[in-house]
Structure formats: structure tokens, C-alpha cells
Amino acid sequence: MPEHSILQRAHFEQLLGALKTRGYRVIGPTVRDGAIVYDDLNSTDDLPVGWTDEQEGGTYRLKRRGDAALFGYVVGPHSWKRFLHPPAVRLWQANRTGKNIQIEEEKHAAPKMAFLGVRACELHAISIQDKVFLGGSFVDPLYKARREGAFLVAVNCGQAGNTCFCASMNAGPKADFGFDLALTEIIEGSEHYFLAEAGTPLGEEILQELEHRPAENIEVEKAGSIHEKTAQQMGRTVDTTGIKDLLYANMEHPRWDDVASRCLACSNCTMVCPTCFCTTVEDVTDLKGDHAERWQKWDSCFTADFSYIHGGSVRSSTKSRYRQWMTHKLASWIDQFGSSGCVGCGRCITWCPVAIDLTEEVRVIRATDIRTKSMAKETDDGNTGTNPR
Amino acid sequence: MNLMPENEVMPAAPHPMAPLPFRVQRVRRETRDTFTLELQSANGAGRPSFLAGQFNMVYVFGAGEVPMSITGDPADQDTIIHTTRSVGMVSQAICKLKSGDMVGLRGPFGTPWPVEEAAGKDVVVVAGGIGLAPLRPVVYQLLADRAKFGKVVLIYGTRTPADILYQKELAKWRSRLDFRVAVTVDRAPAAWRGSVGVVTTLIPKVSFDPQRTVAMVCGPEVMMRFVARELEARGVEKNRIYISMERNMKCAVGFCGHCQLGPQFICKDGAVFRYDRIRPLLGIREL
Ligand SMILES: Cc1cc2nc3c(=O)[nH]c(=O)nc-3n(C[C@H](O)[C@H](O)[C@H](O)COP(=O)(O)OP(=O)(O)OC[C@H]3O[C@@H](n4cnc5c(N)ncnc54)[C@H](O)[C@@H]3O)c2cc1C
Ligand code: SF4
Ligand code: SF4
């Protein structure tokens, strides 16, 4: 059993201090424009003290809590991917002199970043993106540098949101790996403290720099019951039994047409999703045409350009794009990376302008499973296939 | 977002998205819209070795970067050859390059054609249009080690006689007694003395032993499906037919997500696939 310590709320500022002293840029939740987003934190006061969020399909609202909890909310529109896999990155620059071209790889900052308040689902999301950028035969050196420099302070959720279903995805609510420090916030009457657990030697070292004391058994048990209560509170659930085969076998299910009639192909779900990793590249040239830059930018499978090959888009219908997104998250991701691409954070449900809910889509498909065996079907039906030409 | 300049470091490994400089040595006009470029490393590093069927990402300054199959001879240690059909922005810029111009290359990427596996068997190579480019390295290898293989057949179809690539080379190949080359066109002027009709029509006409044949097919997706069907009809097993797939690609290293086809990333699990493994996916519209 790992050792637990008690860190008083009154001493919480010391954690930020210790991280800053070590040269970390401390990033965590803060209130901006009516939402909790991730940004630089100067002090504990920048945290959403006493705020909570109310989430539903297509709805997000901040509300005052009855207490002064530092982490009394769930996840907002941001995820840590904006720091590990930023929305826009210049990859290289090229200069032309006469017939010669000089390509200069970007010197990238490898900032030491401390993420404060990483939820269990987000730890899972980070480990999923690790597989994409570090786990294959090619490694993204920029991601690697950022990832290796990151210090993760996890916070176990004390309540679940209405769109949360991490418990169904085995991705929470308790942080069980991948953190340097993990905290559970406990508020009881006038008492306000954190049960802290170190996950790495560095986490332990930093913990030792803070005023703390060993936790009593009763305090560990209190935290445990908070984790259990949260797990019981999930606003959504998904039955993941055989989900890969279920979706593969229902690629021609009429439900995809139904989703398509609602989906605006706005890409919100992919932007807020903590595991969505797709990018495009953009070339910028100066007016004289002697300087060019290549940028990598977040992209979405909901756009027409995404699947464009000369002659047209492979996925020209919204139906095919939603199907691609959802089956990638919940099915083909398993074949590609050995785990689901969904951690049950609920962002895509909350931030969908028309409240499309993948848990509901799975439920309907499961209830009306048509098993066309299409992914295994011997097709010789003269269908021109997936290529527009 | 403020990055801390004091922490600025150069990542240890070169970024897989950063191209290396190559210089155009020679340009050959193949057809009205298709050009072949011979490229040589411009930084003294030489060219990376490649396997038949692999591709590069070709960057033209200020225009962009696109996937292009390597179409030269894998045994030639010096040059990289690409044949490009001008269909849009970047491919047009490639076709406008002159000798002495520089391009950026990343690669080689992707899976190779099963040339090794074909040893001791009959080999049927079927190409449609620009699809001959990725298959030409296979032909070089088959002919260089001709005794290792059974019957060797190339079936090639284009739209018109004017669209036939590598005409001199084809003529040379046709003159060999140990290599059957069959060419057909969709439509032709009266002077054309060869076959007219889609490429599938030639499959029943050439001689090979379906039971011991490896087939490699590249062309438009519909064409490949019909060719595979025709080959199967002649008795070639699905697991000995290979095709090369095309999808939008922005990175070629599995990061950008664009080339996905169900669970497959065309860039790293392909572009060459064994037909039995990819066929179920091809039957789903807009996958
Ligand atoms: C593995 C592979 C090998 C290829 N080998 C060859 C070859 O040897 N010779 C050849 O002429 N062509 C080849 N192609 C096709 C070639 O990449 C496209 O013709 C080219 O990308 C078109 O770009 P464009 O800017 O000229 O066209 P536009 O129509 O202007 O395209 C805009 C953008 O869409 C994307 N795109 C468009 N068409 C394709 C396509 N067919 N495949 C992938 N991305 C596309 C590109 O990102 C392109 O920049 C290959 C494609 C792949 C995937
Ligand atoms: S698919 Fe939706 S619920 Fe799953 S990880 Fe992405 S945003 Fe969260
Ligand atoms: S599912 Fe919702 S968020 Fe996603 S593209 Fe469609 S409308 Fe936008």
C-alpha cells in the first residue's frame, strides 16, 4: 500500500511554490469567459475556488459551490493536449536562394510544465496519445520533449459530471497510474485538506518539500469513499462488451443516417476530445516567395478536406464522417493502439452544439444490432468502393 | 501561451516531418501530363535505400508536399526516380521542375511489394495508368533475377495510347522472350494496332498458373477491385493478390490520421496490402 500524506489546504500554495522553484511553468484550471480552462497559474487564487460546473448534452454552466473547494468541478473544454500536442506548431522553415533551398528544422522549446489538476480520464488520455506519438516506429520529438518535461499532479474527482462515463471506460474516477503526485480533496466542516500520494521519486521529493504529515487510516478511508461515491455518480454509462465487433458489424446501420441528420460536422467534438490527435500541415510563403514555413495544425475528420484525394473526398457525407469518428474512438483504435480511444470524459457530449451523445448512439446500435458483417463481408456487389473515382 | 526561451532545446532526433534536400538531375516528359524526375541527394548524404513499392513525401518549395511512389531501380544506389501525373496544385508544381531545381524528400515510407515471396512462382503484375510507376521497381527486380521466378507477366492499361508511360522501356521489355507484356487502352485512334478494352479483359488471355501465382496490382481503386475479382475468377487466391492503396496523407508517419481506412493506416500498414486483408474494408462506402 503506497504511503499517503496529508497536505493542508492552508499549505497548498507551497506546492505551486515548490514547482516554480524547480523551474516549472505551472498550468491548471482557471475560470475564463464562463468556463474552466487550463492556463498559467500564478497562485492558488487563480484556481476556480468555490466554483463547480453543470454539464449536460450541449450545455455547460458554471455555478457557485457552497464551499471553497479548489477542484470541485470536472473537465472543461480544454485538455492537456493543447500543451503536449499544441494546436499549431511550426515544424520547419525553408529559404530559397537561387536554385538552392535550405531547410531549417524548428528549434522547439521543451518547457518544463507542471500540470495541476489532471483527472484520471486525462491521465489515460495522455497515455493514449503517448502511444500515438511515441509508441510507433516514428517518434514525434516535439511531443517527446514536452511529455518528458511534464510533471503531473493528478486530482481524483470528488464528484462526477452529468456527461462523465470514465467508470465505463475503465479510465477513472481514481487516478491509478501515470502521475507524479495524486491528490484527493477532502472538505469537512472547517477542515479542508488533501490526501496526497506520490507516484514517482520526483513526486515524492516534491512532496517532502511541503509541510505535510502521514495520513491516518481514517483519512485514507474517507478518500476511498469519495472515490467510490464519484464512481456511482457517473451521468452516463456505456456497455463496452464486444464494442469493437458491434461497431464493425454495424457500419451500414441506419442509425448513422439518423446521427447525420443532426450532426453539423462542426468538428467541436474532435477539438475538445483529449485523445483526438489528427493534424494537417499548412505552408506559408512570404510575399517575395523566398521564405516558406511549414505548420502543423489540429485537424478534424469532420471536414471535407480531411479525406480529399484528387477527384473528391472519400468521406463526402456527414454520415461517413461521424461514423469514422465514432468507430475510430471506440473500435478501430483498439486494433491500432491496443486500447479504446475514448476515456469517457464526456467533453464531446457537453460541447456538441446539438447534444449528440456517443453513449446514446452506442446504446441504440446495440439495441438494434443489424450484424451486416460488413467489415467481414465478401463484397462483390459492384459497389465502386470508397474511392470517389 | 508563453514558451520559456531559456529552456529552448533542439530535439535530439531529427523530426520525421523535416525533408532532406534533393536536386533534380534530369526531367523526362512521359506523356502530355506526366513527367519523370531523376533526383540526387544535395547534402552529400546519398539516397536512402528503398524497397519496391515504397514511397516518398515530395516537397516543392512554396507549393506543398505529396506522396509519390519511388519508381527507380532499388539496385541503383545513386538516384531516386519519381513519375508524377499532374492533377492538382502540388503535382503540377512537381511537373514544372527543371534540372538543377531542388526539392525536399522524406522517406522511404510504407510496405513493399512481396517480391521475395514471389520467388519460385509465376508473377502477374497489373497496372492501370500512373499505377505502373510504383510497379516498375518490381519489374526491374524480376528481370534482374529472372531465373528465380516462373512466368512473368505485365498487364498494363491506359486511357489512350498517348497515355502509355515508359514507352521505350516497354518496347525493350516486350522484345524479351522471358517476359510477357500485354498492353491495352480504353480507346484508341484507328492507327492503334494493339488491344482496346479495359485492363481486366486481358487477364483471361495471358498464360500463367493461377495456383502458383503472386499478383501485384496498382491503379485506380475500382480498377484494382475488378482486376482482383478477375484474378480470383481465374483461381488466384485472395491471399496471393496484393494491391497498393491511395489516401490523403499529410505526414506518412502515422501522426496525421488522414490516411485511415478502418483500422489501417495506409501510410504505415500499407500502401501495399494483401488483398484478403483489405477487401472487406473496400466494400464499405465512404469508409
Ligand atoms: C502512397 C501513394 C503513392 C503515390 N504515388 C504516386 C506516383 O507515383 N505518381 C503520381 O503521379 N501520383 C502518386 N500518388 C498520388 C499523388 O500523391 C496525388 O496525385 C497528389 O497528392 C495530388 O496532389 P495535388 O496537390 O497535385 O492535387 P490537389 O487535387 O490539388 O490536392 C490537394 C491535396 O490533397 C491531397 N491529395 C490529393 N490527391 C491525392 C491523392 N491521390 N493521394 C493522396 N493525397 C492526395 C494532397 O494532400 C494534396 O496536396 C500517390 C499517392 C499515394 C498515397
Ligand atoms: S470521445 Fe468524447 S468522451 Fe471519449 S474521450 Fe473523446 S471527448 Fe471524451
Ligand atoms: S457530433 Fe456534434 S460536435 Fe461533433 S461534429 Fe457533429 S455536431 Fe459537431
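Please go through the range A:315-355 and pick out each residue that is away from chain B (no Cβ under 14 Å), open to solvent by less than 10 Å² (accessible area, probe 1.4 Å) and either within 11 Å of ligand 3 (Cβ to nearest atom) or of a type in the set (S, T, N, Q) (or both).
Hits for the range A:315-355 are A:R347, A:I349, A:T350.
Do you know which residues across the range A:341-357 are over 14 Å from A:N162 (Cα atoms) and within 8 Å of ligand 2 (Cβ to nearest atom)?
A:G341, A:C342, A:V343 - these are the residues of the range A:341-357 that are over 14 Å from A:N162 (Cα atoms) and within 8 Å of ligand 2 (Cβ to nearest atom).
A quick yes/no check of all residues on (1) within 30 Å of A:I128 (Cα to Cα); (2) open to solvent by less than 60 Å² (accessible area, probe 1.4 Å):
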| residue | (1), (2) |
| --- | --- |
| B:G157 | no, yes |
| B:R180 | no, no |
| B:M216 | no, yes |
| B:G219 | no, yes |
| B:V222 | no, yes |
| B:F226 | no, no |
| B:L231 | no, yes |
| B:M245 | yes, yes |
| B:F255 | yes, yes |
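Among the residues of the range B:75-99, which ones are out of contact with any Asp or Glu (no Cβ under 8 Å at 6 or more places or on another chain) and open to solvent by less than 20 Å² (accessible area, probe 1.4 Å)?
Correct list: B:H82, B:T84, B:S91, B:I94, B:L97.
For the range A:256-270, which residues satisfy the criterion of being buried (at least 21 other Cβ atoms within 10 Å of the Cβ) and farther than 14 Å from A:C352 by Cα?
Correct list: A:W256 only.
Only one residue in A:A88, A:A109, A:A69 is away from ligand 2 (no atom under 16 Å from the Cβ), without any contact (Cβ under 8 Å) to a residue 40 or more places away in the chain and in the same structural domain as A:N162 (by TED's automatic domain parsing). Which one?
Just a single option satisfies the conditions, and that option is A:A109.
Can you find even one residue in the range B:50-63 that is without any contact (Cβ under 8 Å) to a residue 60 or more places away in the chain, within 13 Å of ligand 1 (Cβ to nearest atom), at positive phi and assigned to a loop (DSSP other than H, G, I, E, B)?
yes
Residue under question is A:V75, and the condition is that it be open to solvent by 10 Å² or more (accessible area, probe 1.4 Å), of a type in the set (A, V, I, L, M, F, W, C) and under 24 Å from A:L195 (Cβ atoms); does it hold?
It is false that A:V75 is open to solvent by 10 Å² or more (accessible area, probe 1.4 Å), of a type in the set (A, V, I, L, M, F, W, C) and under 24 Å from A:L195 (Cβ atoms).
Answer yes or no: is there a residue in the range A:318-328 that is hydroxyl-bearing (S, T, Y) and away from ligand 2 (no atom under 13 Å from the Cβ). Steps first, please.
Going residue by residue through the range A:318-328, those that are hydroxyl-bearing (S, T, Y) are A:318, A:320, A:322, A:327.
Add one more test, that the residue is away from ligand 2 (no atom under 13 Å from the Cβ), and what stays is A:318, A:320.
Yes, the range A:318-328 contains a residue that is hydroxyl-bearing (S, T, Y) and away from ligand 2 (no atom under 13 Å from the Cβ).
Do you know which residues across the range A:266-324 are more than 20 Å from B:P67 (Cβ to Cβ), within 16 Å of ligand 1 (Cβ to nearest atom) and out of contact with any Gly (no Cβ under 8 Å at 6 or more places or on another chain)?
A:V284, A:S300, A:S316 - these are the residues of the range A:266-324 that are more than 20 Å from B:P67 (Cβ to Cβ), within 16 Å of ligand 1 (Cβ to nearest atom) and out of contact with any Gly (no Cβ under 8 Å at 6 or more places or on another chain).
So which residues in the range A:104-126 are in a helix (DSSP H, G or I) and either within 16 Å of ligand 1 (Cβ to nearest atom) or open to solvent by 30 Å² or more (accessible area, probe 1.4 Å) (or both)?
The one that is in a helix (DSSP H, G or I) and either within 16 Å of ligand 1 (Cβ to nearest atom) or open to solvent by 30 Å² or more (accessible area, probe 1.4 Å) (or both): A:H124.
Determine whether the range A:16-26 contains at least one residue that is among the β-branched types (V, I, T), assigned to a strand (DSSP E or B), out of contact with any Phe, Trp or Tyr (no Cβ under 7 Å at 6 or more places or on another chain) and outside the structural domain of A:N268 (by TED's automatic domain parsing). Talk me through it step by step, then tell me what you get.
At the first step, the residues of the range A:16-26 found to be among the β-branched types (V, I, T) are A:21, A:26.
Filter once more, keeping what is assigned to a strand (DSSP E or B): A:26.
In the following step, the residues that additionally are out of contact with any Phe, Trp or Tyr (no Cβ under 7 Å at 6 or more places or on another chain) were identified as A:26.
Next, from what is left, pick out any that are outside the structural domain of A:N268 (by TED's automatic domain parsing): A:26.
Yes, the conditions are met somewhere in the range A:16-26.
Have a look at A:V272, A:V284, A:V238, A:V220 and point out the one that is among the hydrophobic types (A, V, I, L, M, F, W, C), farther than 28 Å from A:I128 by Cα and at pLDDT 95 or above. Give the steps one after another, and end with the answer.
On the way: A:V272 fails: farther than 28 Å from A:I128 by Cα; A:V284 fails: at pLDDT 95 or above; A:V238 fails: farther than 28 Å from A:I128 by Cα.
Of A:V272, A:V284, A:V238, A:V220, the one residue that is among the hydrophobic types (A, V, I, L, M, F, W, C), farther than 28 Å from A:I128 by Cα and at pLDDT 95 or above is A:V220.
Scanning the range B:253-287 for residues that are over 18 Å from the mean Cα position of the chain (by Cα) and of a type in the set (G, A, S), which turns out modelled with the lowest pLDDT?
In this case the residue turns out to be B:G283.
Suppose we filter the range B:112-134 for residues that are more than 10 Å from ligand 1 (Cβ to nearest atom) and within 14 Å of chain A (Cβ to nearest Cβ); how many remain?
Matching residues across the range B:112-134 total 1.
Among the residues in the range A:136-156, are any without any contact (Cβ under 8 Å) to a residue 60 or more places away in the chain, in contact with an Asp or Glu (Cβ under 6 Å, 6 or more places away or on another chain) and either hydrophobic (A, V, I, L, M, F, W, C) or open to solvent by less than 10 Å² (accessible area, probe 1.4 Å) (or both)?
Yes, some residue in the range A:136-156 is without any contact (Cβ under 8 Å) to a residue 60 or more places away in the chain, in contact with an Asp or Glu (Cβ under 6 Å, 6 or more places away or on another chain) and either hydrophobic (A, V, I, L, M, F, W, C) or open to solvent by less than 10 Å² (accessible area, probe 1.4 Å) (or both).
Is one or more of the residues making up the range B:233-243 touching a Ser or Thr at 6+ places or on another chain (Cβ under 6 Å), among the hydroxyl-bearing types (S, T, Y) and either more than 22 Å from A:H310 (Cα to Cα) or away from ligand 3 (no atom under 16 Å from the Cβ) (or both)?
No: zero hits.
Pick from the range A:65-102 the residues that are assigned to a loop (DSSP other than H, G, I, E, B) and of a type in the set (G, A, S): which of them is farthest from the other protein chains (Cβ to nearest Cβ)?
Out of the qualifying residues, it is A:G66.
Would you mention how many residues in the range A:271-312 are more than 7 Å from chain B (Cβ to nearest Cβ), part of a strand (DSSP E or B), open to solvent by less than 60 Å² (accessible area, probe 1.4 Å) and over 30 Å from A:A120 (Cβ atoms)?
Here the count works out to 4.
Has the range B:185-196 got any residue that is under 20 Å from the mean Cα position of the chain (by Cα) and either basic (K, R) or at pLDDT 95 or above (or both)? Reasoning before the result, please.
Here is the first cut: in the range B:185-196, the ones under 20 Å from the mean Cα position of the chain (by Cα) are B:185.
This time we only want the ones that are either basic (K, R) or at pLDDT 95 or above (or both), so: B:185.
Within the range B:185-196 (the criterion being under 20 Å from the mean Cα position of the chain (by Cα) and either basic (K, R) or at pLDDT 95 or above (or both)), the answer is yes, since at least one residue qualifies.
Hydrophobic (A, V, I, L, M, F, W, C), modelled with pLDDT of 95 or more and part of a strand (DSSP E or B) - does that describe any residue in the range A:38-50?
Checking the range A:38-50: not a single residue is hydrophobic (A, V, I, L, M, F, W, C), modelled with pLDDT of 95 or more and part of a strand (DSSP E or B).
Evaluate the following for A:A215: is it crowded, with 18+ Cβ neighbours inside 10 Å, in the same structural domain as A:Y322 (by TED's automatic domain parsing) and touching an Asp or Glu at 6+ places or on another chain (Cβ under 9 Å)?
No, not satisfied.
Name the one entry in B:K205, B:K238 that is within 25 Å of B:P137 (Cα to Cα) and modelled with pLDDT under 95.
Sole residue among the options that is within 25 Å of B:P137 (Cα to Cα) and modelled with pLDDT under 95: B:K205.
The values are calculated or read from the model by the stated rules, or taken from the named source; none is laboratory data. Just so we're clear, the structure is a prediction, and the values are computed from it rather than from any experiment. Here Cβ is always computed from backbone atoms with ideal geometry, including for glycine, and neighbour counts include all displayed protein chains. Calculation scope for accessible area: heavy atoms of the full protein, side chains included, ligands and nucleic acids excluded. Shrake-Rupley method; radii C 1.70, N 1.55, O 1.52, S 1.80 Å.
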